[in-house]
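Everything below concerns the one structure shown next.
Any read-out appearing in this document is the output of simple, stated calculations on the displayed coordinates, not a laboratory observation. Keep in mind the model is a prediction, meaning the values are calculated, not measured. Counting neighbours? That spans all protein chains shown, and the Cβs are built from the backbone with ideal geometry, glycine included.
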Amino acid sequence: GVGLSVHGHFRVATEKTLFAMPETAIGKYAMYYPILISGGYFLPRLTGKIGYYLGLTGFRLKGRDVQRAGIATHFVESEKLPTLEEDLIALKSPSKESIADLLNSYHVK
């Protein structure tokens with residue numbers, strides 16, 4: 001889940017995305033669990049204090065809030081995902097720049 005995917009160059013969220021770290025709410029040792037899944041690295045690096053809040057409370061972010069918090073890099077409507085996937089596959093020589101350009105063309109602000 002999150003501990004692995006959050007380190008990718010591109011992270012796409014949709015209106016159906018749910019960002020959750022339920023292990024932060026499972027007991028008295030909850031503060032250690034985010035560290036085990038690399039939450040200890042990325043949570044404090046989120047804008048403002050949102051990462052600390054998420055790590056301490058286990059609060060869940062949905063949809064656009066995942067992108068607003070800096071966890072996702074792009075927000076794309078879920079109905080456009082199949083077309084986005086086709087366009088990504090069709091890239092002749094994919095590079096970070098060409099992928100970013102394509103994702104930006106689907107990104108909903």
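Taking 19 Å as the limit for the C-alpha separation, the pairs Lys16/Lys62; Lys16/Lys49; Lys62/Lys96; Lys16/Lys109; Lys49/Lys109 exceed it in the case of Lys16/Lys49; Lys62/Lys96; Lys49/Lys109.
Evaluate E = 1/(1 + (r/R0)^6) for Ala20 and Leu88, where r is the Cβ-Cβ distance and R0 equals 25 Å; express this FRET efficiency to the nearest 0.05. Computed FRET efficiency for Ala20 and Leu88: 0.45.
Assuming R0 = 22 Å, what is the FRET efficiency of Arg60 and His9, from their Cβ-Cβ distance, to the nearest 0.05? Working from the Cβ atoms, E equals 0.35.
In this rough spin-label picture, where each label sits 7 Å from Cα along the Cβ direction, the Ser95-Tyr52 distance is 4.1 nm.
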